[in-house]
Structures are given as structure tokens and as C-alpha cells.
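Following this message is one structure expressed as C-alpha cells.
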Amino acid sequence: RHLLTTACGALAAAAYGAGARRVALPAFAAWAGLTAEFAAARVLPGPRTPGEVARMLVTSAAIPPAATWHRLRGLLAHARAGAWCGNRAVLFDRDDTLVRDVPYNGDPARVEPVPGARRALDRLRRRGVRIGVVSNQSGVARGLVTRADVRRVNDRVDELLGPIDVWEVCPHGPDDRCPCRKPRPGLVVRAARRLEVAPSACVVIGDVGADMRAAEAAGARGVLVPTGRTRPEEVADAPEVAPDLRAAVTRALELLAEGRPR
Ligand SMILES: [Mg+2]
Ligand SMILES: [Zn+2]
């Protein structure tokens, strides 16, 4: 009915503007009738005080076009949206994948996202994909930064690119034999568990071979986005290679849509 009312009103206005009175008059009459009927339905049960009646008359004219506008906007957004990817996750490496690598950074002021990071993450969010970060921070074990420093830097990343659904950080050093430092699978497995997503429904995006090997060891897929510091053999060994974050997210969405558990 709102759509019909709005169409009659628009037709009346357009016809009047074009000087077609034979169309404008009946269209206007139809609009007025529908609007009066709508207003009556809203006034009759009410307290019927003058203020209430006036408010109902004004809003009864305003509601049909507003409702029509919102409905059309929703239909358009729905038509443009891609397939929903619930129960899936993309886990990102942090340094040189989401933000520029500042070795052993403990200073939130030095956090600088890579170009397109915000848009890439928002694209995933619109599709219902959960987002995690899995990051080796051996600077903690080396005594170069504290856990609190790392947390502050991560908070800054969250502020610039968030919300990020889970953070998993390995504070250990290469000799600690922990289960979490990439290329071991601990961070990926833990992030997937916290997101209640199967590792096979996760894609790991990172800039080095250790990210890819952690993904593989956990049963997840990997997409490498090489930087100038990525070694050629790491690129050659990667299961998937993308030139930038945007392309990596496109590929990740394809892999997740396949939904093929490994
Ligand atoms: Mg990295
Ligand atoms: Zn660890």
C-alpha cells in the first residue's frame, strides 16, 4: 500500500509538472484517498486530541515515501551483496600484511596500515566472514618489547582497522619450542577454535612462508601476499599468491565459497 500510495503521489506530481491535468487529478485523488485511509486507521484508535490528530496527518503523508525509499534501498543493497559466508574466517598475519612492519614495534603511534587494508577487511565483514589476526611477536621473548606494548600496538591496529574478532599472539622466541610460533599451527588452531570455525573453513593471509606453513599444518588454506622482503622460494612454495591485500581477499572469498574441507 505504501508503494501504491507513493507511486500515485509521484505520478500526480510528475503529471502536474508536465501539464497533464487529466492524469494528475485522478492520481492526486488516489493518493489523497489512500493517505486519508491510512491516517484514519491511525487516528481512530488514538486519544484523538488535536495535537495527536495533526501529528498523525503529517506523518501519514510522510511514512509511505519513507517506507518505500527504505525498502528500495534494502532491495538494492541485497542485490549487490555477495554470497553470505557465515561460519568462515580469514586470519591475517599482522606485520607487513595488515600494517607496515616496524621491527619489534612497541609504539602505537608507529602503526601504519598497508594501503587498502580497511577496505579489504570491510569487504569480509559485509559477507559475514569472521576476522582474526595471528602474529609472532618474539620481541617479547627477546626482551625488546613487553606484552603490554604489544597489546597497545594491537589496540591501535584494532582502532584503525577493527573490529577484529580475535587476536592470537605468540610471545615466544624461535628456541622456545612453543606450539604457537608460526610455522607451527598453534595460533591458527586457537583463533579458529575461539571463532567456533573449523580450521578447514579458514584462510590465512600472510607475507612469508611461515604463515603459509602454519595454515597448512592447521588444516587451513593459505594465500601469500609477497613484499620486497619475501624470499623467492617462499613465493614459489606458496599454495596461492596474490599481488595485494585486495586480491588476496578476493581469492580467500573464492576459497571459502568452495567450502571444500581439506
Ligand atoms: Mg609478516
Ligand atoms: Zn608461542
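The values are calculated or read from the model by the stated rules, or taken from the named source; none is laboratory data. Note that the structure is a prediction, hence the values are computed from the model and not measured. Virtual Cβ from ideal backbone geometry, glycine too; neighbours counted across all protein chains shown. Accessible surface areas use protein heavy atoms only, side chains included; no ligands, DNA or RNA. Shrake-Rupley method; radii C 1.70, N 1.55, O 1.52, S 1.80 Å.
If I filter segment 168-179 down to residues being within 15 Å of ligand 1 (Cβ to nearest atom) and of a type in the set (A, V, I, L, M, F, W, C), which single residue comes out as surrounded by the fewest Cβ atoms within 10 Å (Cβ to Cβ)?
It comes out as Val169.
Take the conditions under 30 Å from Leu121 (Cβ atoms), open to solvent by 70 Å² or more (accessible area, probe 1.4 Å) and more than 16 Å from ligand 1 (Cβ to nearest atom) and apply them to Leu72. Does it pass?
The answer is yes for Leu72.
Would you check which residues across segment 49-92 are within 20 Å of Leu34 (Cα to Cα) and among the basic types (Lys, Arg) and list them?
Arg55, Arg71
So Val58 passes all but one of these: (1) over 30 Å from Glu216 (Cα atoms); (2) of a type outside the set (D, E, K, R); (3) within 16 Å of ligand 2 (Cβ to nearest atom). Which condition number does it fail?
So the condition that Val58 fails would be (3).
Out of the residues in segment 97-109 meeting the condition of being over 17 Å from Val140 (Cβ atoms) and open to solvent by 20 Å² or more (accessible area, probe 1.4 Å), tell me which one is nearest to ligand 2 (Cβ to nearest atom).
Ranking the candidates gives Arg100 first.
Name, by its number, the condition in (1) surrounded by fewer than 16 Cβ atoms within 10 Å (Cβ to Cβ); (2) in a helix (DSSP H, G or I) that does not hold for Arg229.
(2) is the only condition that Arg229 fails.
Between a residue in segment 44-66 that is in contact (Cβ under 8 Å) with a residue 24 or more places away in the chain and any residue that is aliphatic (A, V, I, L, M), which pairs come within a Cβ distance under 7 Å, given they are 6 or more apart or on different chains?
Here the result reads Ser60/Ala39, each pair linking segment 44-66 to a residue that is aliphatic (A, V, I, L, M).
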